[in-house]
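Structure, as structure tokens:
The values are calculated or read from the model by the stated rules, or taken from the named source; none is laboratory data. All figures in this text were calculated on a predicted structure; none of them were measured in a lab. All Cβ positions, glycine included, derive from the backbone under ideal geometry; neighbour counts span all protein chains shown. Heads up: the accessible areas ignore ligands, DNA and RNA and are worked out on the full protein's heavy atoms, side chains in. Shrake-Rupley method; radii C 1.70, N 1.55, O 1.52, S 1.80 Å.
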Amino acid sequence: MIKVTYIESNGTAHEVDLDPGQTVMEGAVNAGIGGIWGDCGGACSCATCHVYVDPAWRALTGEKSEMEESMLECATAEVDPEGSRLSCQLAVSDALDGLIIRLPETQ
């Protein structure tokens, strides 16, 4: 199991165990964490799973695809050019055990 910590905009933290290959979005939705909606079901065709990757983890999460960059332009929350990601595009692996994700105030 891979631990991911989701931190809401109000500071409330949720530690969730994910299986390798699961996405950060799936983990949040399955755990009932508010603030990540995933309306498109993980198809990278909306921005309702926008999150901020903690700076310490950005290098390990890989590069954004052109499609992800395009979808982030649709995000209603403030987009951080370096830290914003779509959580449906972040599949976890052992290398991401301990990942910290921050949620925007709104989606």
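A compact table of results
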{"quantity": "All-pairs alpha carbon distance profile, region 2-102, 10 Å steps from 0, percent", "calculated": "17, 56, 27, 0"}
{"quantity": "Mean separation of Cα contacts under 8 Å (6+ apart) over length of the chain, as relative contact order %", "calculated": "41 percent"}
{"quantity": "Probe 1.4 Å - accessible area at residue 71, Å² to nearest ten", "calculated": "40 Å²"}
{"quantity": "Backbone HN-Hα couplings from phi across region 83-93 [Karplus 6.51/-1.76/1.60, Hz, Gly and Pro as x]", "calculated": "x, 6, 9, 8, 5, 6, 9, 10, 7, 8, 9"}
{"quantity": "Distance (nanometres) between label positions extended 7 Å along Cα→Cβ at residue 74 and residue 60", "calculated": "3.0 nm"}
